[in-house]
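The structure appears below as structure tokens.
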């Protein structure tokens, strides 16, 4: 207390020497400063993790599709709806920039000189290098690998050796997805070095993607340091367009990024799928019967071609991604003043743009009964079928090559679980293969229900950029007789 008094006494003396008017002015400024500091601290440390960013709905009702609010001292301009998604996600490089926003979050996690810690043109080349692991032929080989990992996990883990029990969904899916991703994307040699503890380490990395790291990116906060250094022989012989070979540290960092892309969103989405199946055990039984009809009563080992024969299994993934979008907010820095189409507004460079594609995916204008988890809505004759259906093959969409192969340019769909534009997730197809294979094998092995036998479901934890279930998130499992 003595040190504090020594520091404050000179300030008190100086304050008392001021005139009344000056004292009032200083007090007013101090009050404003303190109010701002307390507001920032409240947003950083005392926010409700279950408070969804769907406060956008409330703000939208009051202000429309375009409005500005202050987040941690930064002016955020939100552009909602399909037009807002297109405006931000298809913004020109001269107008919007993702690297400036996300480098403070991704660089401590992925490492230097990759992803958002490099110029956009270099990132596009890196995405092209990594797409070598994401071809149809690769997917064909991944399905047996993923099947082996899923079945081995539930066969050898002590928790699942009984006939029934309780599953910690978040823990189980974090472990299963990292084992399947590492084995398929990086090979058996890398996978064999992993155990359950690695899932905990990657959970720590996930926690690097939080609001506090967005502001206090310089601080040694949890989840901002990684010692993992995987290798990838395929990348060791690759070169950039300028003829420079990829340095070893970039190879290691790209493989961390690739593994994260194959793990964090799939871990979250697969957790939601398991919780939804426990909430709706009749749907889980439908999934099982679908496999029996399509593949035969003996249920042979799953192959890549089998996935196309299981439309309900596919719909489970689509519907869960619709209702539980992996990333709830997408941000861009404004590089030049941007006129908002159809308005007099111009967004200045001091603002950050924010889109929320998940809001469009829960808009009754496009999805009847939007809050209902209804995988059958993706059937054409369903009363809840989307009023605007995005064609899976996207034959009519304009294609563009940003430097890593042709992708759909369109960002005007109400359903964008993997983003759009030049930063669209390159792991989209792998995620679908991984999740469909995982779900199909789990359905063969288990029956799920809620622990209390009810129809409730846990809330969402929005502390990270990834929308995960709030923990604890436990369900009851029972082995099938056939398993």
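The values are calculated or read from the model by the stated rules, or taken from the named source; none is laboratory data. Keep in mind that what you see is a predicted model, and the values were worked out from it rather than measured. Backbone-built Cβ (ideal geometry, glycine too); neighbour counts: all protein chains shown.
Consider residue 413 carefully, then state whether it is over 28 Å from residue 109 (Cα atoms), buried (at least 17 other Cβ atoms within 10 Å of the Cβ) and at pLDDT below 90. It is true that residue 413 is over 28 Å from residue 109 (Cα atoms), buried (at least 17 other Cβ atoms within 10 Å of the Cβ) and at pLDDT below 90. Set side by side, the residues 278, 372, 325 differ, and just one is assigned to a loop (DSSP other than H, G, I, E, B) and surrounded by 20 or more Cβ atoms within 10 Å (Cβ to Cβ), which is 325.
Residues in the range 224-248 that are within 25 Å of the chain's Cα centre (by Cα) and either modelled with pLDDT of 85 or more or surrounded by fewer than 21 Cβ atoms within 10 Å (Cβ to Cβ) (or both): 7 in all. Determine if the range 390-408 includes at least one residue that is farther than 27 Å from residue 308 by Cβ, touching a helix residue (DSSP H, G or I) at 6+ places or on another chain (Cβ under 9 Å), at pLDDT 95 or above and not in a strand (DSSP E or B). No, the range 390-408 contains no residue that is farther than 27 Å from residue 308 by Cβ, touching a helix residue (DSSP H, G or I) at 6+ places or on another chain (Cβ under 9 Å), at pLDDT 95 or above and not in a strand (DSSP E or B).
Taking the range 142-169 as the range and being part of a helix (DSSP H, G or I) and without any contact (Cβ under 8 Å) to a residue 60 or more places away in the chain as the test, the residues that pass are 145, 148, 149, 152, 153, 155, 156, 158, 159.
The single residue among 78, 115, 109, 104 that is over 15 Å from residue 334 (Cβ atoms) and not in a helix (DSSP H, G or I) turns out to be 115.
Would you confirm whether any residue within the range 313-321 is assigned to a loop (DSSP other than H, G, I, E, B) and at pLDDT 95 or above? Looking through the range 313-321, none of the residues is assigned to a loop (DSSP other than H, G, I, E, B) and at pLDDT 95 or above.
Here is the figure for the range 81-94: residues that are crowded, with 19+ Cβ neighbours inside 10 Å and either touching a helix residue (DSSP H, G or I) at 6+ places or on another chain (Cβ under 8 Å) or part of a loop (DSSP other than H, G, I, E, B) (or both) total 5.
Quick one: in the range 343-359, of everything that is touching a residue at least 24 places away in the same chain (Cβ under 8 Å) and not in a strand (DSSP E or B), which residue is nearest to residue 416 (Cα to Cα)? Checked the range 343-359; the qualifying residue nearest to residue 416 (Cα to Cα) is 357. Residue 358 meets all of the listed conditions (1) at pLDDT below 95; (2) in contact with a helix residue (DSSP H, G or I) (Cβ under 7 Å, 6 or more places away or on another chain); (3) within 21 Å of residue 273 (Cα to Cα) but one, namely (2).
Scanning the range 118-136 for residues that are at pLDDT below 90 and not in a helix (DSSP H, G or I) gives 134, 135.
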